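Encoded as structure tokens, the structure appears first; notes follow it.
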Amino acid sequence: MIVCYISCASVKPQAAQGDSQTLSALSSRLRLFGERIPQEKVFVHMDNTCYYLGDTIWFAAYTRQTN
């Protein structure tokens, strides 16, 4: 119990000096990623909502690119 208290007491918070710049840089990189890399959605249509052992499963799957 004492060891945990000593190790937790020695932890100091990091300086928040460059956090706003880092956050804005991350935000702009994420926005550029969303603009440059097209997103795809996968759709799967199945012939039934429930299947039993031995049933044949019929399905259609396709992808669509969204902007």
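The values are calculated or read from the model by the stated rules, or taken from the named source; none is laboratory data. Quick caveat: nothing in here was measured; it's all calculated off a predicted structure. Backbone-built Cβ (ideal geometry, glycine too); neighbour counts: all protein chains shown. When the accessible area is computed, the model is the full protein with side chains, heavy atoms only, and any ligands, DNA or RNA have been set aside. Shrake-Rupley method; radii C 1.70, N 1.55, O 1.52, S 1.80 Å.
Sum up the charges of everything whose Cβ sits under 14 Å from the Cβ of Tyr62, counting Lys and Arg as +1 and Asp and Glu as -1, but leave Tyr62 out. List each step's numbers first, then the result.
Values: positive: Lys41, Arg64; negative: Glu40.
Within the 14 Å Cβ shell, the charges total +1.
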Discussion item. Not counting ligands, DNA or RNA, and with a 1.4 Å probe, what is Asp47's accessible surface area in Å² rounded to the nearest 10?
Written reply: 90 Å²
Item to complete: Read phi for every residue in the range 49-65 and hand back ³J(HN,Hα) as whole Hz from Karplus 6.51 cos²θ - 1.76 cosθ + 1.60, θ = phi - 60°, with x for Gly and Pro.
Response: 9, 9, 10, 10, 4, x, 5, 8, 9, 9, 8, 10, 10, 8, 10, 10, 8
Worksheet item: Leaving out ligands, DNA and RNA but keeping every protein chain, what accessible area does Ile37 have, in Å² rounded to the nearest 10, with a 1.4 Å probe?
Response: 80 Å²
Fill in: Area accessible to solvent at Arg31, 1.4 Å probe radius, in Å²
130 Å²
